[in-house]
Structure formats: structure tokens, C-alpha cells
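Working notes for the structure below.
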Amino acid sequence: MKAKECSIKEDEIRPEDIFNEFMDLSAKDAQGFFDKSKFVEIACPACNSEGIESCFEKHSFCYNHCDKCGSIYVSPRPDLSELIRYYSVSDSQKFWSDNILKKTGDKRKEVIMLPNITRIEGILERDNRNPKRVLDVGSANGAFLTEWKKRHLDAELYGVEPGKESAQQCRDLGITTYENSVENEAGNNSVSGDLVTCFEVVEHVQDPELFAKAIYDVTASGGVAVMSCLGADGFDIQLLWEKSRSLMPPYHLNFLSQNGMVELFSKAGFDRVEIFTPGRLDVQIVEKSIERGITPDLSRFEKLLLSKGENVLQAFQKFLADHCLSSHVWIICYKD
Ligand SMILES: [Zn+2]
């Protein structure tokens, strides 16, 4: 499942100065935005275990580490209404759209979206599939579907997008758009895709079990759902743990382990679930973190490894990706 790779640098998609500003705003929001009386306690969102191996606090949110499947998750967490309010009106969310996404949009297209399309094509080709109805969950401004159509002229495009402005942008591009969350829209029988895509959403959702069932419902029989997300088993997450910038509340509530992901999407009804991790940034993220003075507790061997030159570290990153040890995860779910 190889896609043609172009090089990627963390700075290009998360420029240091504006990303720092975004993180400061997120930390402020995390502390002050929410009515915490509305927070709900949850068990592990992947395997339902209530057992906790360990936990830590970040910006007043508590991350638990599941003792059964190894997932990391926020509990207690905002209920759905608080989370929707957050994504609609919080300062950090506005900053993310107005600054980071707008300023890095072209680069993100080149180094993330186009390789994503090639990777999906590889998956479909391997399985000899030629899906006609393509449904993007969280279709944002419609950019992915528009690019898809350029390469697949007979595709019918569908988007599920809760944001009013984004949903309108999708419609303007000729995409049949359901202005809703997938969880709320899943009961509507007309919504379904032979190929369902969903990029970087799993880590944000309030109720992963409900979300997984909704993804199952909107995947047509004989279809496939392809999702990307961040996972708990990746090198940078395992090494940096609570010091990881990715573990940022309230944005990232769920860092599922690979076992957790398989359990969650199998429980939702999918007949087969495959995981792979095409990540390219784990080692860079750890190196950058150390440069910033955020040093994890490293073993002697890890220090030795990280002192090696670019060639060794590139080969090591490839090893991580090839053996499901990167934090950038793809979940492929098949429905018979
Ligand atoms: Zn678990």
C-alpha cells in the first residue's frame, strides 16, 4: 500500500510561530471556555474498559491510559452540546481556520491531500474496486472531493459537513452536501457511499462508538470506509506522552491504540478492519520537541538512536511506518 511520497516538514503544515499562538489560545480556551458541570465521565471509548493504567492532566483536562487496550482518552469530557459550541465560537478554532488552514492550505494540498488520494487509489486498485459514490465525512471546503473528481470523472460526490459556511462552499462546488454531523445524519437512508472517507476526525469526536456506528451506516454494502487519525501506539506519542503537543485538549480527545481501533470498528459492524501507519513525521516531531527544550525521559538506546544522522533516522522512520509504529494511522473498514 505504497503511495508516492514527497518530503514533508512539520514546519510547513504547522508553522512554528502561528502554531504556538494557536496552542496558547487552545490552552486558554481549555481552561476557561467550558461549563465543566456539563462534563461527562466515560469508560475507554474503544474497548469500554473502566480500568486505567495511568493518567495525567493537561490544561485542566484528564487523559486516561486504558489498562486493557492502551488507548489514551479524555475523561471527563465535554458533552456534545459543549463541544459543538466550542467548534462554533471558540477563539482557538477561529484562529485555526483563519490563520493555520488559510496560510498552509496550498502546502497541505501538496504534501497531505494529493498523497492521500494516491494512497486511497492504491487501496482500491489492490481490491479491484471502482467506487462510484464517494462520501467525505467532514468534507470541510470540499477540496478533497474536488481533487478526487479531477481524477475520477464518473464519481458522484457527497459530503457530510456540520459547518454552515463550509457546507455552502461544498454545494457551490456541485457536491451533494448534508449539513449535519455524521452521527445525526446516519439515520437518513439516502446518505451512503461506496467509498467513505474521513480525515483526522476520529481523535476529535465526543462519542467514538456512536461515530463508528454512523460510519458503518453510511458505508454501502460491499463498500469501504477509509479514515486517517492519530493513534496512541506511535513513536512520538509513546516517547513524549504527556509532553506531546498532539495531546491537546479539547481538540484531541481520543488517541486510540490499534487494538482499540480494530475493536471499535468491528463492534460497529464492519466485517474486516485493517490498520496501517504511513506516518512520516514521528522522528521529526521528537527531534523538534527536544530542540524546543521539551525533553522526554529517554533511555540510553533512544538517545543513541536520535544522535544518529539523517540517513539512519529516515530509515528508522520508514521502519516505524512499515511496522504500524507511527502515530499517523489509517483505518480501512470493509462492509460485506
Ligand atoms: Zn481500552
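Listing for the model above:
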read-out: Which listed residue, of 28, 94, 9, 68, is basic (Lys, Arg) and under 30 Å from residue 318 (Cβ atoms); value: 9
read-out: Test: residue in region 31-40 that is of a type in the set (Gly, Ala, Ser), modelled with pLDDT of 85 or more and more than 23 Å from residue 208 (Cα to Cα); value: yes
read-out: Given (1) away from the ligand (no atom under 16 Å from the Cβ); (2) closer than 26 Å to residue 224 by Cβ, index of the condition residue 265 fails; value: (1)
read-out: Every residue from region 212-241 that is touching a helix residue (DSSP H, G or I) at 6+ places or on another chain (Cβ under 8 Å) and aliphatic (A, V, I, L, M); value: 212, 214, 215, 218, 224, 225, 226, 227, 230, 232, 239, 240
read-out: Residue that is nearest to residue 160 (Cα to Cα) [pool: residues in region 239-262 that are within 16 Å of the ligand (Cβ to nearest atom) and surrounded by fewer than 22 Cβ atoms within 10 Å (Cβ to Cβ)]; value: 262
read-out: Those residues of region 65-101 which are of a type in the set (Gly, Ala, Ser), at pLDDT 80 or above and within 15 Å of residue 163 (Cα to Cα), in sequence order; value: 81, 90
read-out: Residue 248 being of a type outside the set (Asp, Glu) and touching a Cys at 6+ places or on another chain (Cβ under 7 Å); value: no
read-out: Unique match (being touching a Gly at 6+ places or on another chain (Cβ under 9 Å) and more than 30 Å from residue 34 (Cβ to Cβ)) among 122, 159, 174, 138; value: 174
read-out: Residue in region 123-136 that is more than 16 Å from the ligand (Cβ to nearest atom), assigned to a strand (DSSP E or B) and closer than 22 Å to residue 231 by Cα present; value: yes
read-out: Matching residues in region 159-182 - criterion: being part of a helix (DSSP H, G or I) and among the small types (Gly, Ala, Ser); value: 166, 167
read-out: When residues of region 199-242 are limited to those that are small (Gly, Ala, Ser) and assigned to a strand (DSSP E or B), the one nearest to the chain's Cα centre (by Cα); value: 228
read-out: Cross-chain or 6+ apart pairs with Cβ under 7 Å, region 75-91 first and touching a residue at least 24 places away in the same chain (Cβ under 8 Å), then β-branched (Val, Ile, Thr) and exposed (fewer than 15 other Cβ atoms within 10 Å of the Cβ); value: 76/40; 77/40; 79/40
read-out: Strands (runs of 3 or more DSSP E) contained entirely in region 22-105, each with at least 3 residues that are among the polar types (S, T, N, Q), within 16 Å of the ligand (Cβ to nearest atom) and surrounded by fewer than 18 Cβ atoms within 10 Å (Cβ to Cβ); value: none
read-out: Which listed residue, of 232, 212, 186, 225, is under 16 Å from residue 161 (Cα atoms), buried (at least 18 other Cβ atoms within 10 Å of the Cβ) and not polar (S, T, N, Q); value: 186
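The values are calculated or read from the model by the stated rules, or taken from the named source; none is laboratory data. Just so it is clear, the structure is predicted and the values come from calculations on it, not from any experiment. As a convention, Cβ positions derive from the backbone with ideal geometry for all residues, glycine included, and neighbour counts pool all protein chains shown.
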